[in-house]
Structure formats: structure tokens, C-alpha cells
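Report on one structure; see the data block that follows.
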Amino acid sequence: MPFNGLAEFVALLENKGMLIRIKEFVDPVLEISEITDRFSKEPGGGKALLFENTGTEYPVLTNAFGSDERMALALGYGHPDEMTGRLDDLFSALTSPKRTWIEKVRMLPKLRMVARWMPKTLLGRGECQQVVHMEPDLSKLPILKCWPFDGGRFITLPMVNTRDPNTGIRNVGMYRMQVFAENLTGMHWHRHKTGARHYAEYAKRGERMPIAVALGGDPVYTYASTAPLPDNVDEYLLAGFIRKKRVKLVKGITVDIEIPADADIIIEGYVDPAENLAWEGPFGDHTGFYSLADWYPKFHVTCITSKRNAIYPATIVGIPPMEDSYLAKTTERLFLSPIKLAIVPEVVDMFLPVEGVAHNIAIVKINKSYPGQAYKVANAFWGVGQMMFNKIMVIVSSNIDIRNPRKVAEEVTNHFNPESDMYIGRGPLDALDHASVKAGVGGKMLIDATEKMPEEAETITPVPVPEAALLVRAFNELPEAAYSLNTSLLLRGISALIVAVDKSRGIAAKHFASQLAAVSKEVLPKIILYVDHELNPEDISRVCWYATANIDPARDCFYVDAENIRLPCLMIDGTRKSFPMDSFNRPWPNIVVSDEDTIRAIDAKWESFNIGKFIQSPSRSIFQLGSGSEVVMK
């Protein structure tokens, strides 16, 4: 169902028992984030939160998309497969070859249907312009400071509307905005984003770039602005398709940009490409680490408009799981069909685990029909849209549930030969990736766990899963090494070991691996993953998040030799890197956790909020992984 603004969505969530109203004052600086983090990490995503007393006239809505059920309500489906089926029909019609005139004619109804979903621009003003502030003051909005080392307050759910100056084609992207002054913010678009491309075109023309930022409105707009659409496909067309109803737009008051008529808040302004850039950040990001400060354009605010009784939407990102993982899960389901149809038709299913923060880990199931097919699929994916940022891809060909971690691990144990089935490529990485040797580019790893064909068969004798007790005995022989082990995977018949090593003793992971190989070459598993000793190796979900964020596969996936023989064990160094130990010369960001003062303040006020049972701060369980005083770890 369409929603005429966030208030209607809030009412539905409340009627279904999915929302909590907090009437006591909660400070937008750090406190709203701390409460939201506690709820978002509850099983199933917790509840949506409406903070009614923010010190401004606007309430703040957080965690609105933070569960499968709320995502279904936001987009208007009972199950993701319903929407997937509709997209299947659409993309099949638009991409399948039409050999005859009759087939082409049969397409006309589909095309007419698409035309009915195109956005419509209305004359006059919209509800989003009921209140107009021609002397804009961003301090009147309850903009959050989310984490202790953030560079300031950030608008975290902005739908940034821009237009290509050459073609007039619109784009709606989501780029965080740090507040610098009452009428000035940053505009954090990465170089591969469409907004940045529009900015470059305005720079060539020597013109200011008009921008209108929408907040709230029908929640389908927020989702559409995050969806990985092809260039020049209108996000409001996708929103109309999902809703089966045109999006109604109105012109801005000070900029010639259209915005949704039913949005809650609009921030109008411009970016001047001739102006010096601003130092923006740091920001506690969705990777679970801070993205460090860098230079980005300045956005000058010329006007702020809103509905009467508008709601300010915000999202908190950090160590997963959090709200953004449910948005990513929806995208994973909805956009698998166009990828299959256009590029890799052999793909049966794809899964992006929450621990991979959308791009670090991908599990892919294929219909395999020829040798080397996994390599073809991996390279195809790494050349498509935002999949170019993927770092680790595991490909299977068996009919298993790839959302079941144990089943995937068993496929790797049974069908992955460390000596022949690991492939390292290179390519673009997300601008937020902190582990690559060079910013924005690094290694990618394929683990080919498909069932092998005769042409791929190896003469090497399969390595049995080693006994955990033998490995523990071998580790006890290591000289002066501090470590802890998780052998639980071995005990379940999975050929993998997790080792937490204390690098403060001057032993890098690769040196540790060499020592281990010297004393245990007969009993090594197929994969050994090394992490820092501050991390509990028994917490496999957190280990996966931490390690995959910390590796550049081209540098950190390696083999060791014993007596000049390469051992059939893939070693992965998921520890944090430094120059003294690893010759790593980029700054290493801190992890994203709350601070002690904020945690204590929320603990003390919890009962007064009347929000149910006490929830311990998630930050407490991971304080030891970070530095409590600086955004860059030493």
C-alpha cells in the first residue's frame, strides 16, 4: 500500500506492535544511536523507534526498515518472492530476444504498463512545502551524531536528487551529509556514484549544481534510492513499479529539481564545483569501522521546506547486524533475476551474508555444465555494478541451502582443493575498504567449491579433516606464541580452524603460520583463519565480519612450505595491519562502538524510557578490539 508520508507508516507499525514510542528526552548526540544499536541487534532486528522528544519540533524515526517484516510492510509485499516474481516477469519481457513481429507486438502491453509507472510532475506546491524556511537553519532539525569519533552530526537517510546537465536525466542517490554550519553540509558521494558523475559534468560546464535532498515520505522512496539500478534508470520509476502507482513530484522552490510531493522534509541548495572541497568525516560506517576524513564537495542550503507535523528519519550503521542489512537483503532477492538474465544465466541463487556488510562475502549457487565455470561466474560478477566491490566469493554447484552456513562449509570441505581451487583476481574495492594496499583497488578471492568435472580432477590425494586434538598438540609445540583456538569446526567435520594470535609479541600472522607448518605439516586443515587475540575465536559470526573486513586477498591469502613442499592449506590473515608488523602504510581505522559515558547515561535512564526489558549495550562485548581514545588505531 502507498504511504502518504512517514506518519502513515509509523501508524501501521504501531498498530502491528512493531514500534516503540519514547516520550522522554533523548539527546540526538550519541544517545539516540546507543538506544537504536541495542534494539537493532536484538533477534529479528528489534523494533522501530520513534523518539518524540528530541529538543526540536521534529520526532526522529530509527530502525524503521530493521526487520524482514518491516521491509515487507514498507514495500507492500507478504514475502520477497512476490516482488521477485513481478521483477522476473518485467525483466524477462524486456530482455528476452524477440525474433518475430508477433513477439514484439506482444511486448506493447508491458511497455504501456511501464509508462503508467513513470513519475508525474504536478503544478503548484506539494505537502512537502506546507512549511517554508527561506532562511534555512539545519540546527532546527534533530540531526544525529551517531558515534564518539564522528566528525560531527550527519544526515544519514538523505535522498539526494540531482540531474545530468547534458541529458536532463534524474538520479536519486543516498550520500551522507555532515553538517558544517546552519546552512552548509558536506556531500559524501564516492567517485563511482552517479551524483559524483553529475558533479563532474557541471564542473566541465563551469556551472553550479542544483540539488534537492528529500527526507521521509513513502518509505519506498528510501529503498529505491539505495537500489543498484542501471545508469539512467529513474529511481522513482522503480518506486512506482513497486507501488503500482505513479510517484507525484513537485518543483523545488529555489532549485529546478523535482522532489516527491509527499516527502516529510526537503533541503534545497547547490554545490559549486569551482569551490574548494571540505574536509569531511570521520564517520562510523556500515563496515563496522570508521571511514576516515577526506575531501568532499560543500552543499549550500538555500531553503528548507516540510510537511506540518513532519517526521525526521535516520539510520544508524556500524558493526552488523543493523538496519541496513535488511535493506541489503531485499536488494539481494529482488535484483538476482536481472543479473541472471543479463549476465550469468547459470546462477541459481546468491546470498550476501550480513557479516560481509553487503560486499565482502558472496555465496553463489550455479548450474554447472562445463569445467572452469566458477571462474567465469566470478569474473562476470566482479564486472557488474556494485558486485565489483566483492572481496570473497564462494561458488557451489550442489543443491544446498546457501543461507545455511554449515552446508556451505561442508561443500568447501568436500569440493575445495586449496592448491588448485583458490583464485585471486584484482579490481575495484569500495572506497570504505580500509585493508587494501592501495585505496579503492585490491585483491579478490574465489573459492571454487563446485563439484569437479573430469577435466578439473586433481591427482592429489584428498586431505582428511584433521583431528582437533592433534592440532592442539602441535600448537603447544610453538615457541613463545600467545594464541587461542576454535576447533569447533573440526569437531563438526569441517576442515577449517580459527586462530586468535597476539601480534603484540612481535609475531606476524605469516611468521606464525610458518612456525605452525614446521611442527604440524601432517595435520593441517584446508583453511586456517588468523584474527587478533582480542577477538573471541568462538564467535564465528563476528570473526567472519572482522576478518573479511581486514583482508586484502592478494596480500593476506597465502600458502606456506615445509621442507620445500607447499602444504595444502590456505592461510588467511584477518588481523589488523600496521607498518612495523606488516609494512602497511595506510591509516587503520578504529572499530565503531559507543563510549562509556553514553552507555552509562542510557543504562541509568532506561527504566524512565518505559521501553521494555533492559538491553545491554552491544559495544561492551567488543570494546577490547578498538582504541578508546583515537579514530586511527596505532
Within the stretch 508-542, which residues are touching a strand residue (DSSP E or B) at 6+ places or on another chain (Cβ under 8 Å) and basic (Lys, Arg)? 510, 521, 526
When the stretch 394-427 is checked residue by residue, the ones that are within 26 Å of the chain's Cα centre (by Cα) and within 22 Å of residue 573 (Cβ to Cβ) are 394, 405, 408, 409, 412, 422, 423, 424, 425, 426, 427
Just to be sure, is residue 28 in contact (Cβ under 8 Å) with a residue 12 or more places away in the chain and outside the structural domain of residue 154 (by TED's automatic domain parsing)? yes
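Looking at the stretch 612-634 only, could you name the residues that are in contact with a strand residue (DSSP E or B) (Cβ under 6 Å, 6 or more places away or on another chain) and either modelled with pLDDT of 95 or more or part of a helix (DSSP H, G or I) (or both)? Steps first, answer last, please.
Of the stretch 612-634, the ones in contact with a strand residue (DSSP E or B) (Cβ under 6 Å, 6 or more places away or on another chain) are 625-627, 631, 633.
Within the stretch 612-634, just 625 meets the criteria.
Could you tell me which residue of the stretch 612-634 is farthest from the chain's Cα centre (by Cα), considering only residues that are among the small types (Gly, Ala, Ser) and over 14 Å from residue 148 (Cα atoms)? Can you show your working first?
As a first pass, look at the stretch 612-634 and keep what is among the small types (Gly, Ala, Ser): 612, 617, 619, 621, 626-629.
Narrowing further to those that are over 14 Å from residue 148 (Cα atoms): 612, 617, 621.
Details: 612: 29, 617: 22, 621: 22 Å.
It comes out as 612.
Rundown of residues vs (1) touching a strand residue (DSSP E or B) at 6+ places or on another chain (Cβ under 8 Å); (2) in a loop (DSSP other than H, G, I, E, B); (3) closer than 23 Å to residue 72 by Cα; (4) not assigned by TED's automatic domain parsing to the domain that holds residue 444, yes/no style:
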site	(1), (2), (3), (4)
262	yes, yes, yes, yes
268	yes, no, no, yes
309	no, yes, no, yes
333	no, no, yes, no
Within the stretch 585-633, residues touching a Ser or Thr at 6+ places or on another chain (Cβ under 7 Å) and aromatic (Phe, Trp, Tyr) come out as 588
Of all residues in the stretch 534-564, which are in contact with an Asp or Glu (Cβ under 6 Å, 6 or more places away or on another chain) and buried (at least 20 other Cβ atoms within 10 Å of the Cβ)? 544, 545, 556
Which numbered condition trips up residue 420, out of (1) over 22 Å from residue 557 (Cβ atoms); (2) of a type outside the set (Val, Ile, Thr); (3) exposed (fewer than 15 other Cβ atoms within 10 Å of the Cβ); (4) touching an Asp or Glu at 6+ places or on another chain (Cβ under 6 Å)? (1)
Check off (1) in the same structural domain as residue 363 (by TED's automatic domain parsing); (2) of a type in the set (Ser, Thr, Tyr); (3) out of contact with any Lys or Arg (no Cβ under 8 Å at 6 or more places or on another chain) for residue 514 and give me the number that stays unchecked. (1)
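State all residues of the stretch 203-229 that are free of Cβ contacts under 8 Å to residues at least 40 places away in the same chain and under 23 Å from the mean Cα position of the chain (by Cα); if no residue qualifies, say none. If you could, list the steps in order and put the result at the bottom.
Our first condition is that a residue be free of Cβ contacts under 8 Å to residues at least 40 places away in the same chain; within the stretch 203-229, this holds for 204, 229.
229 - this is the single residue of the stretch 203-229 that is free of Cβ contacts under 8 Å to residues at least 40 places away in the same chain and under 23 Å from the mean Cα position of the chain (by Cα).
In the stretch 157-178, how many residues are β-branched (Val, Ile, Thr) and surrounded by fewer than 21 Cβ atoms within 10 Å (Cβ to Cβ)?
Quick first cut of the stretch 157-178, residues β-branched (Val, Ile, Thr) only: 160, 162, 167, 169, 172.
From what is left, the residues that are surrounded by fewer than 21 Cβ atoms within 10 Å (Cβ to Cβ) are 167, 169.
Total satisfying the criteria: 2.
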Quick check on my filter: what residues within the stretch 202-234 are among the charged types (D, E, K, R) and either closer than 25 Å to residue 58 by Cβ or surrounded by fewer than 18 Cβ atoms within 10 Å (Cβ to Cβ) (or both)? 204, 205, 207, 208, 218, 231
Please list, ordered by first then second residue, the pairs with beta carbon atoms under 6 Å, 6 or more apart or interchain, first in the stretch 491-510 and in contact (Cβ under 8 Å) with a residue 60 or more places away in the chain, second surrounded by fewer than 21 Cβ atoms within 10 Å (Cβ to Cβ) and among the aromatic types (Phe, Trp, Tyr). 501/483
Which of the residues belonging to the stretch 550-581 are in contact with a Ser or Thr (Cβ under 8 Å, 6 or more places away or on another chain) and more than 24 Å from residue 286 (Cα to Cα)? 560
When the stretch 561-586 is checked residue by residue, the ones that are charged (D, E, K, R) and either over 20 Å from residue 500 (Cα atoms) or without any contact (Cβ under 8 Å) to a residue 24 or more places away in the chain (or both) are 561, 563, 566, 586
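May I ask you to say which residue of 602, 565 is farther than 18 Å from residue 290 by Cβ, more than 22 Å from the chain's Cα centre (by Cα), among the aliphatic types (A, V, I, L, M) and modelled with pLDDT of 95 or more?
The conditions single out 602.
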Would you mind telling me which numbered condition in (1) under 30 Å from residue 380 (Cβ atoms); (2) surrounded by 16 or more Cβ atoms within 10 Å (Cβ to Cβ) residue 501 fails? (1)
Please work out if residue 390 is without any contact (Cβ under 8 Å) to a residue 60 or more places away in the chain and touching a His at 6+ places or on another chain (Cβ under 8 Å). yes
If a residue must be more than 19 Å from residue 23 (Cβ to Cβ), surrounded by fewer than 18 Cβ atoms within 10 Å (Cβ to Cβ) and not acidic (Asp, Glu), how many such residues does the stretch 588-632 contain? 10
Report yes if some residue within the stretch 427-444 is in contact (Cβ under 8 Å) with a residue 40 or more places away in the chain and among the β-branched types (Val, Ile, Thr); otherwise report no. yes
Restricting attention to the stretch 27-59, report how many residues are closer than 17 Å to residue 608 by Cβ, more than 27 Å from the chain's Cα centre (by Cα) and in a loop (DSSP other than H, G, I, E, B). 2
Exactly one of these conditions fails for residue 33: (1) touching a residue at least 24 places away in the same chain (Cβ under 8 Å); (2) within 16 Å of residue 329 (Cα to Cα). Give me its number. (2)
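The values are calculated or read from the model by the stated rules, or taken from the named source; none is laboratory data. On a predicted model such as this, the values are computed, not experimentally measured, just so you know. All Cβ positions, glycine included, derive from the backbone under ideal geometry; neighbour counts span all protein chains shown.
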